[in-house]
Structures are given as structure tokens and as C-alpha cells.
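Let me begin by handing over the structure; questions about it come next.
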Amino acid sequence: MSVTAQTVWNNCLLFIKDNIQPQAYKTWFEPIVAVKLTDNALSIQVPSKFFYEWLEEHYVKLLKVSLTKELGETAKLVYIIKMENTYGNKQPFTEKIPSSNRSAVKSQNVDVPLNNKNPELRNPFIIPGIRNVKIESQLNPNYNFDNFLEGDSNRLARSAGLAVSAKPGGTSFNPLLIFGGVGLGKTHLAHAIGVDIKDKYPEKTVLYISAEKFTQQYIDSVKKNNRNDFIHFYQLIDVLVIDDVQFLSGKSGTQDVFFHIFNHLHQNGKQVILTSDKAPVDMQDIEQRLLSRFKWGLSAELQTPDFETRVSILKNKLYRDGVEMPEDIIEYVAKNIKSNIRELEGAIISLIAQSSFNKKEINIELARQVVEKFVKNTKREVSIDYIQKIVSDYFQMDVDTLQSKTRKRHIVQARQLAMFFAKKFTKASLASIGSQIGKRDHATVLHACKTVDNLSTTDKQFRKYVEDLTKKLSV
Ligand code: ADP
Ligand code: MG
């Protein structure tokens, strides 16, 4: 980190601190890390996307004023969202080596010896300007075992993780596959294992990567004609953590390359850790040979935490943030948000923020409002009526017109879109969708879904409709 980024940010902080409540300052500004200052753009690292959105929503003016004071009118702010490894401004987190340097990279067909500790040239993580970096593990130290609380719901996965980090590659848990629903701690646990290994075995090369980013790197490597370098790079890793492998579904090229990397690592006693939102038996469009590899080791499930675990997760979070909260409020939140730890944390953060920002006292009523928002957001099932309403509004017609028998093209299209979204967003059968959208039969609905699929690949304007409506229906 450059000194200037730090000093600029420190001055901003002084200003910000003077202008907001101490609690809000503590919650939203203390966790921020100034990363760099280039071209009058200050990059700050924030702990999550939620955090970034909160800052943008509530503090953007304050940030702007303070930064302009420091850097003048051309000042820019770039967010780096730490956990998700993406820049808030949607630029990729890492970039490939520019072509001029790539000519130095030899394409080899033999495996690189495993003691080769000099893989910089092939490192797809190299960030321009910072050359000769060692393979960065991409681990988030905030996700560790200490703050991954144990409960019945995660005991097996957690202990397996601990066993793996005590002896990476040396247990029968290879690969270790952690699976479970959204927000139940897969990413956290996967990082925790990596962080612990790095701690115990600093000389080991550990790499965390999401399956999505892995896929992107692979596609780039094919485009740039250095697929072998890509493979060799990954074969150098001692502990490879791939998050959300369900993302590889249907991507046969990436699966194939991963299969080879996996075999190489496994044969050489390297540890592989995978996470997935599904058990191996339920994964679709993953090649059989890869699925069978996934089953070689241990598949450990993260289940939904019970009430006690939810309470202790909340208490731990509050304790670490140095915030006090009445017991009954904590229990209220834990009782009402059951199936997703990320939401549980989100609710408590927003409660803290609400109270500090609006200077409100945290009481059950406030808790009820906050929880309701979270629960409503996740549980709201879109109805076919709602879909028809949104689609008609979008095309500025009323629902009766949308349902009418007319063959006018734009009305037919609106109707077809409504059917398509009813199929996509509800569990209703084709027949039931048809009867609710202008009394059509199931074949008409099926035809509508196919038409929408076709048009959205061939017609740009139409694709825009689908995208816009998807957004409207998903918020
Ligand atoms: P997933 O990858 O399964 O969607 P994450 O790992 O991102 O879920 O977890 C969501 C949030 O819940 C994270 O902030 C994480 O720290 C927290 N979390 C999950 N499990 C636990 C746990 N056992 N103890 C403490 N925090 C947890
Ligand atoms: Mg995750």
C-alpha cells in the first residue's frame, strides 16, 4: 500500500468522523482499508457487497466531499469488494499478462517439476504493475476457523476441514467437498481451511478461486493460446480451493481441463477442496468421470443452523464488532431468520446501522421492521398475477389487453413474455399458466416459452425486454 493512499484516506476519515455518529463511523468506516492511489483515484477495500451498497446509499455525498477536499474535482473513488474479489466498478480483479511479456512464456508439453518455485510468468493472477509477485493465495483472512462457529449443522464439515488443514493431502478427505444451500458458510469454511494451512505450512502454495473465475481464466487462456501455461500454473499448487463448482455445469471444456489438473494434483498428494450448492448426486451437467472424482474423498454437508447456533453466531459477530445489543433482540432476530446466515448477519448489521444512523434505540419494534424486510425479500414468491401486472406495466398496456385474443404483434409478445416468466418464476404447470393468462392451453404456453428463448438469442431489442423484466421481477 502506498503511503499517499493511506494519508489521503486518513485525512478523509478525520473529516468523516467529524460529520457522523461515532457508532456509524465505527461500523462503516473503520473496516475500510485504503489500497492504492493512481490517477487521482483512491481505491478502498470494503468487506462485502452489502457494505459497498450501504456506503453508496448513505455516505456517497460525504465521501465525495471529503475526497474532493483532498484530491480536487477530478477525484475518483474505486471500491474493492474484498470477499468477492471484484472491483465495485466491475473491472476484473486481476488481469492477464500483457502480450509483450507473454512471448517469454514457453509452451511446454511436459509437466513442470513440482519444486519449480518460480511460476511468476505463467501466473494468471499477476496484476499489471506489480510484477514478480508470488502466487497470492487470494484468501480472505477474515474467514477463519476462530470465527466459524461450531454447531450440529456444521460439525462434520468443520472437523473435516480441521483435519485437512492439519495434514493437507494426507487424509482420505481428498477432495474435501463442502456442500449446502446459499449463505450457509461454504465460502467461509473453504477460506478458513486455506488460511489455517497457510498458517501452519507457510511454504505451501495455497490458492483460492471461484469456479467462475477459473472458467474465465481458462477461456482467456484458450483465446490467447496458452492453455498449457494455464494447466501448468494450476499443477504447481499445493492446496487448491475451488468455490462453487456447480458453476462448471455444462461447461465441458473447463470440466475437461479441471479433470486433468485434479488428477495431477491428486496423484501428487496435493489437497483439493471444493464447494458446491448441491450434493454430487444432484449435480447436473457435470461429466461422470469428474463426479466420480468428487466422490473419492469426503462430501460434507452444511445444514441450516439450529436456534442456539444462530444465537451464538450473532453474539460472536456483535462481540467482534464491539457492539452491545439486548438479549431479547438477538433472540428475536435468530428466531425469525432461519435459513441463511448471510441474511442473519445482514439483519444485525442493518439493525446496528439503523440505530446509529437514525439515532434510534434498538428495540423490538425496530428489530421487527428490519427482520420483516429481510424475510419478505427472500420469501416473496412471485405470483402469476404479479408477473402479468409487471409485464403489462412495462409495455404500458393493461392486463386485460395482455390477456385479450388479439393477434397484434406487440400484445402477443407481451403475453408470451408473461407466460415465459410464469414458467420461470413460479412452480405452476403449463396448463395452469395458460388458464391464468387469457385461458390458453398448455401447448400455447410451451410455444410461448420456446419463442421467447429463440427471440432472446436472435433479437437484441427483445433480449433487452427479457433482461429488464427479469430485473423487475427479481427485486
Ligand atoms: P455460502 O458460501 O455458503 O453462500 P458464506 O460462506 O458466504 O456462505 O457465508 C455467509 C455468511 O455467513 C458469511 O458472512 C459467513 O462469515 C457467515 N457464516 C456462515 N457460517 C458461519 C458460522 N458457522 N459461524 C460464523 N459465521 C458464519
Ligand atoms: Mg459462497
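The values are calculated or read from the model by the stated rules, or taken from the named source; none is laboratory data. These figures come from a predicted structure and were not determined experimentally. Positions of Cβ are generated from backbone atoms using ideal geometry, with glycine treated the same way; all protein chains shown enter the neighbour counts.
Quick check on the range 284-295. Is at least one of its residues away from ligand 1 (no atom under 16 Å from the Cβ), touching a helix residue (DSSP H, G or I) at 6+ places or on another chain (Cβ under 8 Å), assigned to a helix (DSSP H, G or I) and of a type in the set (Lys, Arg)?
yes
Among (1) within 16 Å of ligand 2 (Cβ to nearest atom); (2) at pLDDT below 85, where does Gln354 come up short?
That leaves (1) as the condition not met.
While we're looking at this one, here's another question. Any residue that is assigned to a loop (DSSP other than H, G, I, E, B) and out of contact with any Lys or Arg (no Cβ under 9 Å at 6 or more places or on another chain) - is there at least one of those in the range 35-50?
no
The conditions are (1) surrounded by fewer than 21 Cβ atoms within 10 Å (Cβ to Cβ); (2) among the basic types (Lys, Arg); (3) within 16 Å of ligand 2 (Cβ to nearest atom), and Lys167 fails exactly one of them. Which is it?
Unmet for Lys167, out of (1) surrounded by fewer than 21 Cβ atoms within 10 Å (Cβ to Cβ); (2) among the basic types (Lys, Arg); (3) within 16 Å of ligand 2 (Cβ to nearest atom): (3).
Now a separate question. Can you say whether Asp282 is under 15 Å from Phe294 (Cβ atoms) and within 16 Å of ligand 2 (Cβ to nearest atom), as far as the supplied structure shows?
Here the answer is no, as Asp282 does not meet what is asked.
Tell me, which residue of the range 143-157 that is part of a helix (DSSP H, G or I) and more than 16 Å from ligand 2 (Cβ to nearest atom) is surrounded by the most Cβ atoms within 10 Å (Cβ to Cβ)?
So the residue we want is Leu156.
State whether one or more residues within the range 211-233 are under 30 Å from Ile337 (Cβ atoms) and not in a helix (DSSP H, G or I).
no
The rows are residues; the columns are (1) modelled with pLDDT of 95 or more; (2) assigned to a helix (DSSP H, G or I); (3) under 27 Å from Val182 (Cβ atoms).
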position: Ile242; (1), (2), (3): yes, no, yes
position: Gly250; (1), (2), (3): no, no, yes
position: Gln255; (1), (2), (3): yes, yes, yes
position: His260; (1), (2), (3): no, yes, no
position: Leu265; (1), (2), (3): yes, yes, no
position: Val272; (1), (2), (3): yes, no, yes
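Could you please let me know if Asp220 is free of Cβ contacts under 8 Å to residues at least 12 places away in the same chain, surrounded by fewer than 19 Cβ atoms within 10 Å (Cβ to Cβ), farther than 19 Å from Gly297 by Cα and not hydroxyl-bearing (Ser, Thr, Tyr)?
no
I would also like to ask the following. Return yes or no: is Ile178 under 20 Å from Pro47 (Cα atoms) and either within 16 Å of ligand 2 (Cβ to nearest atom) or touching a His at 6+ places or on another chain (Cβ under 6 Å) (or both)?
No.
Cβ contacts < 8 Å: first residue more than 16 Å from Phe233 (Cα to Cα), restricted to the range 192-214; second residue basic (Lys, Arg), any location; separation 6+ or different chain. Result?
Ile197/Lys204; Lys198/Lys204
Right, next: Against the definition (more than 16 Å from ligand 1 (Cβ to nearest atom) and of a type outside the set (Gly, Ala, Ser)), how does Asp244 come out, yes or no?
No: the conditions fail for Asp244.
Looking at the range 271-281 only, could you name the residues that are more than 16 Å from ligand 1 (Cβ to nearest atom) and out of contact with any helix residue (DSSP H, G or I) (no Cβ under 8 Å at 6 or more places or on another chain)?
Val281, the sole residue that qualifies.
Take Glu345 and tell me if it is free of Cβ contacts under 8 Å to residues at least 40 places away in the same chain, over 21 Å from Ala160 (Cα atoms) and within 16 Å of ligand 2 (Cβ to nearest atom).
yes
Could you please let me know if Leu207 is assigned to a strand (DSSP E or B), modelled with pLDDT of 95 or more, in contact with a Phe, Trp or Tyr (Cβ under 9 Å, 6 or more places away or on another chain) and farther than 19 Å from Thr304 by Cβ?
Yes: the conditions hold for Leu207.
Being touching a residue at least 60 places away in the same chain (Cβ under 8 Å) and either surrounded by 14 or more Cβ atoms within 10 Å (Cβ to Cβ) or over 21 Å from the mean Cα position of the chain (by Cα) (or both) is the requirement here; does Ile313 meet it?
When the stated conditions are applied, Ile313 passes them.
Which one of the conditions (1) out of contact with any strand residue (DSSP E or B) (no Cβ under 9 Å at 6 or more places or on another chain); (2) over 16 Å from Gln246 (Cβ atoms); (3) within 16 Å of ligand 2 (Cβ to nearest atom) does Gly183 fail to meet, given that it meets all the rest?
With (1) out of contact with any strand residue (DSSP E or B) (no Cβ under 9 Å at 6 or more places or on another chain); (2) over 16 Å from Gln246 (Cβ atoms); (3) within 16 Å of ligand 2 (Cβ to nearest atom) applied to Gly183, the lone miss is (2).
Evaluate the range 205-218: report whether one residue or more is more than 16 Å from ligand 1 (Cβ to nearest atom) and of a type in the set (D, E, K, R).
No, the conditions are met nowhere in the range 205-218.
Answer with yes or no whether Lys315 is within 19 Å of Asp146 (Cβ to Cβ) and either touching a Pro at 6+ places or on another chain (Cβ under 8 Å) or assigned to a helix (DSSP H, G or I) (or both).
So Lys315 passes the test.
Does the range 274-281 contain any residue that is under 20 Å from Asn228 (Cβ atoms) and of a type in the set (Gly, Ala, Ser)?
no
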